[in-house]
Amino acid sequence: MTEITGEWNTLSHAEKVAATEDYLHELDKLRDMKATARHNMPLNAFQDARTALNSIQNELDALSQCTGTETLLFAVHSSTDQYNQPFVYHSNERLAQFFHMATKMDILTFAIKMEAFGISGVEGVVMNHVQEVLELKRKTAALINQKLNDIAPMGPVKMWYKGFDDRITVCHRVTVENWPLLKFISPGDVTLKNEL
């Protein structure tokens, strides 16, 4: 090592530049690649994201204090193999209140939904909605059956929506009052979520 140091010290500035020029270009390429390349290691990506978001938060705090600029920031991961939790930053509590007032959703819930969308895409959101509607239909049908069987004088009764008057009212002396829909139909035939 001392030989290299001694030899390095004897070189002129121009010789040092010429000797390291190729290596500097390679190092610049590696640095650029590392700064923009996608990480293969989830733990490294987690630590890099956390560090970057903390740095951004500090910068946004300083921006807010110096200029009065208010900021709302969401950061979520885009795959299930990443460790980061949804990150939400607001420079002023009023931004969070405004967001809740405008969307009827708090910012953390929004970030979680945004993350779910980022991971599963539109298909996942649509499937979640379809599953939610199907679950509502199932629960509504179960509740109607339970209430019918609670009031039926002759024991368990199978619910019939078509021909209700002949099959239920005549046989079991049960009528329906205050049905919320225009037509008396099965929950499975309801197409709008708000009608359930």
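Structure above, values below:
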item	result
Condition met for residue 176 (surrounded by fewer than 14 Cβ atoms within 10 Å (Cβ to Cβ) and without any contact (Cβ under 8 Å) to a residue 40 or more places away in the chain)	yes
Selection status of residue 22, surrounded by 10 or more Cβ atoms within 10 Å (Cβ to Cβ) and in a helix (DSSP H, G or I)	no
Selected residue [out of contact with any Lys or Arg (no Cβ under 8 Å at 6 or more places or on another chain) and exposed (fewer than 10 other Cβ atoms within 10 Å of the Cβ)] from 3, 15	3
Residue within the range 61-76 that is within 21 Å of residue 121 (Cβ to Cβ) and of a type in the set (A, V, I, L, M) present	yes
Selection within the range 45-68 - of a type in the set (Ser, Thr, Tyr) and surrounded by 11 or more Cβ atoms within 10 Å (Cβ to Cβ)	64
The range 69-86, residues that are surrounded by 14 or more Cβ atoms within 10 Å (Cβ to Cβ) and aromatic (Phe, Trp, Tyr)	74
Members of the range 47-83 found to be out of contact with any Leu (no Cβ under 9 Å at 6 or more places or on another chain) and not in a helix (DSSP H, G or I), listed by number	68, 74, 76, 77, 78, 79, 80, 81, 82
Only one of 95, 60, 72, 53 that is in contact (Cβ under 8 Å) with a residue 12 or more places away in the chain and over 21 Å from the mean Cα position of the chain (by Cα)	60
Hits in the range 87-117 - residues which are in a loop (DSSP other than H, G, I, E, B), at negative phi and surrounded by fewer than 16 Cβ atoms within 10 Å (Cβ to Cβ)	92, 105, 106
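Each reported figure results from applying straightforward, stated rules to the coordinates on display, with no laboratory input. If you're wondering where the values come from, they're calculated on a predicted model, not measured in any experiment. Cβ coordinates were reconstructed from backbone atoms using ideal geometry, including for glycine residues, and neighbour counts include every protein chain displayed.
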